[in-house]
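Reviewing the structure listed below.
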Amino acid sequence: MAPSKDEPGTRATSDTPARRTSPTLLERLRAKDAHEAWARFEHEYADLVLAYCRRIGLQVVDAEDVWQATLLRLLGAVERFEYDPARGRFRSFLFVVVRSAVVAMQRRRASPASAVLEDSSAAASEGTGSDAESEAWEAEWRHFHLRRAFQALEAEVDARARRIFGDLLAGLDIDEVAARHGTTRAAVHKVKQRVRDRLRERIAAQVRHEDGES
Amino acid sequence: MHAEDATPTDADFGFGGDTWIDHLRAAQGSRRDHEACLGAIGDYEIQAVVARGGQGVVYKARQPGTERSVAIKRLLLPSAEFDARARRRFQREVEVVASLRHPNIVTMHSVIDDGRSIVMEWVEGSEIDRWADSVRGQRGDEARIIEVFRRVATAIAYAHGRAVLHRDIKPSNILVTSEDEAKILDFGLARDLDNAVTLTQLGQFSGTPTHASPEHIDHGLHEVDVRSDVYALGTVLYRCLTGRLPFEGKTLARLFDDIREGRPSNAALSSTVPRDLAAIVQKAMHRDRDKRYATMTDLAGDLERYQRREPTTARHATAVEHASAFVRRHKSLASMLSIAGVLLLALAVQEWRAGREIERERNALRDRVAERDAALHKAEQRGAQHEVEMLKAMGVVRTFASVISDIAKEDEGVREHVRRAFQAVEDRLQKSRLEVAPAVANAMRGAVARGLESIGDHEGARHHWERIVTIGRNTEPSIEVANALATLGRAALDDGRVHEAVAYYREGEAVRRAASESYDPRTLSAAKLSMIDALARAGHIAEAQRALLDARAESRVVRRALAGAVRELASKHGLTAPPWSLEAKPSASAPRK
């Protein structure tokens, strides 16, 4: 089925995976009796969509409306097999869905769009979004995965390492952190390296879950 | 394949260099920024997103000027189907619900935002299942839970009296404050919201309808009535008493089948909840709505009777049903035991039925006895088979003792029947002693002793416990023997024979550790507490302290049962209360005195 203007499309992107060996998130959502996959998706991806909406200037209630509309559109798209995972990453597909929900919401409310949205009305009608919106989406997608991975990681590392890394994250340099915790630069480096490695592993797994394993 | 695909996350997240930490910093910062200014609905300034569900989003908000906190429920996007007429009906429904005034029902203040948002009283509390999780294991936990549910049932009955059904009773719609005050949310909204096209109607359940009644599942919200609310509250009570959901089907189809069949996914109710209370829950969530409480007031009434330790309507019905079902199911087993005894138990129950029906059934049962005694005679010739049947019969006696105990407590005539029945079992046991293994005979005696205790015949029971111990000392260690020793220890402690109690407890603990079977957690926790008490009272402080520490290595159920009492016991005897966690057993290397 060919996508309509405001419906999610199947446009190939430059980040097309060549082959996959595990089911994508969308395939899990399409599976028979997928209510658990939907519940998980709703729980996890609300953060991404809501954060993006806030970033482009929507109030929280409008962002919630967009999220609800996104879920409805996604459900329809999944049932109608409008998404071909072999031709693009999930995040690109989801962006098209979200973008279209934002435009529809703004048309319905006939309210003034934010600066970013005004700038991109032409692109929005094609369901692709402007460069500014794409950049906003990419940034929020990155933040979304970093937050998820970091949240999971915080429960795994010991309290001291958590405090040391917390200070690094707050902007203190390595010498300050080492002095503050009565340890060496090497020890602080080690903590930072460990967090980096684990974040990297987790994020790679999260993205694999999203797109299917290549 | 693109180079990016080989290591996709390195490029996107800056793991190749040091920018990943800047990205992480920005990710944390952007969330804080978004939470700092959430906007407004009407005149209300949004302070936080409280919950997001299948019907919409709940916000905590503040009205500038009054500084009053409110909850605002903003409904799902209006759809084409949620047209003007449906919207008007919805608003009328909201007006009716808003007229409800009850201390346990959340007050609706107004409808704003073109009918999409409902402004309600703000309640600082926990969802009832989480509240119950925090209460369970504390002293008086059951009484607190029952009292909250009694009030909830009374509040829902008040709404029913004004022709308002809830239609969506579930833990997230009942909040409990730190003062144990319950507040029910979302009265009557479900049917109208069901008219709108939602994700649920498009074919997916965004949540799991664990608390939906069979008629709701099969016929939708328009077919539900007062008894469907009764059912839903029964499932929530089940969850709060046991910590487990009644139905946990791995797939939606399986879940629906289990709900339709009334087939709970676990035995949590029967294993952790007193029988009378379990009977109330079972009656409330009977799959056939004609067999549930007809009104919420009836359910509240039974909860109140349970609180006062009066007979409940659920229990009486259940006893008679069990008795009848027992006779139907265990005809051959009853005969194998010969069972003047079990039959008399059945007759005793039957006496609760009136007039000629009793007489007719009694005659029929007597006829069956004659037949079954003949069958028994043949069965006894088969040697080992007798033992198997004896074991089965033991289960029968246990079931019957549980069915009949409450009735027997209230009526001397019934008690006499029961005593005679147990005596008949005892006679049978004596007659068969050469054919029955000691462990089996002891298990049987245990069932009889418990039955006698349940009707208050402690002296008769004691005779059996002592026999069990005597026989058990010459056989393999078994839980039945450990239990008999613990019971005798408890009796000695109650009589002030402290040293005798200690001797029983020490022997019982040794037998329990040597036995290969697992011990009923409630019995074990009670025995543990009594043992520690006895040791301390007898002056064996170091041993009492050690027993206190050892108790931490027991199962989670036992630790939970002990949690409330340990500190008090330690304080009473000047012992050191150990750190007490319900989450995980302490490691094997935990320090010991």
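Quick notes on this structure:
- Looking across segment B:248-283, the residues that are assigned to a loop (DSSP other than H, G, I, E, B) and within 14 Å of another protein chain (Cβ to nearest Cβ) come down to B:GLU248, B:GLY249, B:LYS250, B:THR251.
- Residues in segment B:180-208 that are modelled with pLDDT of 75 or more and on the phi < 0 side of the Ramachandran plot: B:GLU181, B:ALA182, B:LYS183, B:ILE184, B:LEU185, B:PHE187.
- Test for B:LEU221: is it away from chain A (no Cβ under 14 Å) and modelled with pLDDT of 75 or more: no
- Test for B:ALA212: is it in contact (Cβ under 8 Å) with a residue 40 or more places away in the chain and either within 14 Å of chain A (Cβ to nearest Cβ) or of a type in the set (A, V, I, L, M) (or both): yes
- Failed condition for B:ALA163, given (1) hydrophobic (A, V, I, L, M, F, W, C); (2) surrounded by fewer than 16 Cβ atoms within 10 Å (Cβ to Cβ); (3) at pLDDT 85 or above: (3)
- Flag if B:VAL97 is away from every other protein chain (no Cβ under 14 Å), buried (at least 17 other Cβ atoms within 10 Å of the Cβ) and modelled with pLDDT of 90 or more: no
- Conditions (1) under 33 Å from the mean Cα position of the chain (by Cα); (2) closer than 29 Å to B:ARG567 by Cα; (3) buried (at least 19 other Cβ atoms within 10 Å of the Cβ): number failed by B:ARG450: (2)
- Scanning segment A:37-82 for residues that are in a loop (DSSP other than H, G, I, E, B), facing chain B (nearest Cβ under 9 Å) and crowded, with 22+ Cβ neighbours inside 10 Å yields one hit, A:LEU58.
- Selection of segment A:147-177 for residues being more than 14 Å from chain B (Cβ to nearest Cβ), exposed (fewer than 13 other Cβ atoms within 10 Å of the Cβ) and assigned to a helix (DSSP H, G or I) yields A:ALA159, A:ARG160, A:ASP175.
- Per this entry, A:ARG180 is counted among residues that are away from chain B (no Cβ under 14 Å), surrounded by fewer than 16 Cβ atoms within 10 Å (Cβ to Cβ) and modelled with pLDDT of 90 or more.
The values are calculated or read from the model by the stated rules, or taken from the named source; none is laboratory data. Just so it is clear, the structure is predicted and the values come from calculations on it, not from any experiment. Counting neighbours? That spans all protein chains shown, and the Cβs are built from the backbone with ideal geometry, glycine included.
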